[in-house]
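Visitor: This is the structure, below, for whatever I ask next.
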């Protein structure tokens with residue numbers, strides 16, 4: 001089991017428990033978007049529309065389009081009132097009817113393979129002078145995610161094999177080399193320090209990762225194996241992320257950003 005996440009491998013309702021902490025990178029990405037030509041504003045991988053209202057406010061007068069492969073999340077996004085159009089489509093298969101002014105992909109592309117094809121393709125879709133703005137977690141080598149792989153392979157080697165595992169998100173230099181010839185490009189990383197509240201059912205980092213990164217692991221296990229996995233992973237987190245006196249945890253989180261303005 002080498003590819004351990006896909007676009008649908010997450011729990012939207014659980015994810016939303018940490019929405020305020022997760023929204024900060026989206027706002028930082030939005031702040032770096034320059035002036036735009038005419039065209040649609042596309043919230044690619046919009047989910048339940050957590051960024052939709054902010055996009056509508058920032059780009060008043062532009063049509064706001066939301067794209068997501070999860071039909072239930074599209075329904076939630078519709079209730080925000082932020083989107084002029086919502087489409088239930090995969091990021092990799094989506095084709096706009098007209099060239100967008102902005103493709104805004106906030107924490108949507110990290111688990112989609114073949115970035116060498118995906119991102120140049122998205123740039124090609126843009127209007128001249130249009131912008132591709134992308135933010136992706138780059139947390140897979142951190143203890144929170146590495147211990148998932150270590151625990152899974154140690155406990156269930158017949159189910160998990162990470163011998164040829166490679167991180168799904170490359171270092172910043174790789175994206176600069178990939179995209180710099182296509183327009184004016186800015187690439188950077190930010191390290192956030194997340195303060196996770198005391199866990200209700202276990203270690204705070206366990207509750208944080210169970211919404212996304214842990215989902216495919218648990219999906220491959222039976223009920224008794226899940227219990228064993230959760231207990232072992234939770235114990236391993238105690239040394240990597242020691243509890244504060246109130247039971248909370250300080251968790252560093254690494255995010256990669258790039259903003260590309262396409263040549264006219």
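Each reported figure results from applying straightforward, stated rules to the coordinates on display, with no laboratory input. On a predicted model such as this, the values are computed, not experimentally measured, just so you know. Here the Cβ is made from the backbone with ideal geometry for all residues, glycine too, and neighbour counts use every protein chain on show.
Visitor: Expressed as an acute angle from 0 to 90° and rounded to the nearest 10, what is the orientation of the C-alpha long axis of helix 19-31 relative to the principal long axis of the chain?
Guide: Rounded to the nearest ten degrees, it is 30.
Visitor: Also, quick follow-up: Let me have the 222 nm mean residue ellipticity of the chain computed from DSSP H runs of 4+ only, each contributing -39500 (n - 2.57), with the sum over all residues rounded to the nearest 500. Please report the intermediate quantities before stating the final value.
Guide: Working: 10 runs with 95 residues, N = 264.
The per-residue figure over the chain is -10500 deg cm²/dmol.
Visitor: Rounded to the nearest 10 degrees, what's the angle between the helix 115-125 long axis and the longest principal axis of the chain, both from Cα atoms, 0 to 90?
Guide: On a 0 to 90 degree scale, this one is about 30.
Visitor: Calculate the length of the line joining the C-alpha centroid of region 149-187 to that of region 91-148, in whole Å.
Guide: Between the Cα centre of region 149-187 and that of region 91-148, the gap is 14 Å.
Visitor: To test your reading of the geometry: what angle, between 0 and 90 degrees and rounded to tens, separates the Cα axis of helix 143-155 from the longest principal axis of the chain?
Guide: 50
Visitor: Then there's this: Rank-order 152-164, 67-79 by packing density, defined as the average count of other C-beta atoms within 10 Å over each peptide's residues, highest first.
Guide: Numbers: 152-164: 13.2, 67-79: 17.6.
Top to bottom by mean Cβ count within 10 Å: 67-79, 152-164.
Visitor: Also: Which value in nm describes the separation of the simple spin-label points at residue 186 and residue 121, placed 7 Å from the Cα toward the beta carbon?
Guide: About 2.8 nm separates the two model spin labels.
Visitor: What shape does region 188-233 have by the C-alpha gyration tensor, where a ≥ b ≥ c are the square roots of the eigenvalues, rounded means a/c under 1.5, and otherwise prolate means a/b greater than b/c and oblate the rest? Walk me through the numbers before you get to the answer.
Guide: Values: a/c = 3.38, a/b = 1.68, b/c = 2.02.
Oblate.
Visitor: While we're looking at this one, here's another question. Want the number for residue 92 to residue 79: 0.36 nm per residue separation, take away the alpha-carbon distance, what's left? Show your work: numbers first, answer last.
Guide: Details: separation 13, 0.36 × 13 = 4.68 nm, distance 2.51 nm.
Result for the pair: 2.2 nm of gain on full extension.
Visitor: Moving to a separate point now. Is any residue of region 129-156 close enough, with backbone N under 18 Å, to a label point placed 7 angstrom from the Cα of residue 227 along the Cα-Cβ axis, and if so, which?
Guide: So the set is 155-156.
Visitor: Using only the Cα atoms, what convex hull volume per residue in Å³ does the chain have? Kindly include the intermediate steps, with their values, before the conclusion.
Guide: On the way: hull volume 33.8 nm³, N = 264.
In the chain, the Cα hull volume divided by residue count equals 128 Å³.
Visitor: Further question on the same structure: What's the exposure ranking of 102, 86, going from fewest to most Cβ atoms within 10 Å? Provide the component values of the computation, followed by the final result.
Guide: Values: 102 29, 86 22.
The order, fewest Cβ neighbours first, is 86, 102.
Visitor: Continuing with the same structure: Figure the gain on full extension for residue 170 and residue 158 (residue separation times 0.36 nm, minus the Cα-Cα span) and round it to one decimal in nm.
Guide: Values: separation 12, 0.36 × 12 = 4.32 nm, distance 2.83 nm.
Full extension from residue 170 to residue 158 adds 1.5 nm.
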